[in-house]
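This report refers to the structure that appears directly beneath it.
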Amino acid sequence: MYNLQRNRRHKLFFFFPLLMAAVAFLFGGVVMWLWNAILPAAVGANPLNYWQALGLLVLSRILFGGFRFGGRPHRHTPAPWRDKWANMNAEEREQFKSEWKKRCGRSED
C-alpha cells in the first residue's frame, strides 16, 4: 500500500511542473492574442510576439504579485479594537464613538 502511494506521489511530482509550464505557455499565447487583437487598433500599440507576451506576463507577476494558485492563505491579524469593542457596555461605546467623532472633525448632532 505504501509503495502504491509513493508511486502516485512520484508521478505527480513530475507531472505538476509539466502542467504548470503548459499553463504558463498557454497564458502567454492568450496574452499575445488579446494584446494583438485589442491594443494595436485601440491605442496604436505595436503587436507583440509570443516571447514578449510571455515576458509581459512574468513582469506583471513580479510587479503585481498575482497568479496565486494556493500556497499559504493570507491571514489577517485581528484588529485589537474588536475585542475591546466586544467587552464595552452601551455607555462606553457611546463615549468611544463621540471621542472618534471629535477626532475626525465631526460635530456631534
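If you take the C-alpha gyration tensor of the stretch 2-64, multiply each eigenvalue by 5 and take the square root, what semi-axes do you get, largest first, in whole Å?
Working: eigenvalues 271, 23, 10 Å².
Its equivalent ellipsoid spans semi-axes of 37, 11, 7 Å.
Could you name the lysines whose alpha carbon sits less than 29 Å from that of LYS84, not counting residues in the same chain fewer than 8 places away?
Cross-link targets: LYS97, LYS101, LYS102.
Residue by residue, what Karplus-based ³J(HN,Hα) values in Hz, rounded to whole numbers, does the stretch 38-43 have, using 6.51, -1.76 and 1.60 with θ = phi - 60° and x for Gly and Pro?
Result, rounded to whole Hz: 10, 5, x, 6, 7, 10.
Would you mind calculating the gained length between PHE13 and ASN46 on full extension (0.36 nm times residue separation, minus the Cα-Cα distance), in nm to one decimal? Write out the running numbers ahead of the final one.
Values: separation 33, 0.36 × 33 = 11.88 nm, distance 3.98 nm.
Length gained, PHE13 through ASN46: 7.9 nm.
Coordinate-derived values only; no laboratory data. Note that this is a predicted model, so its numbers are computed, not measured.
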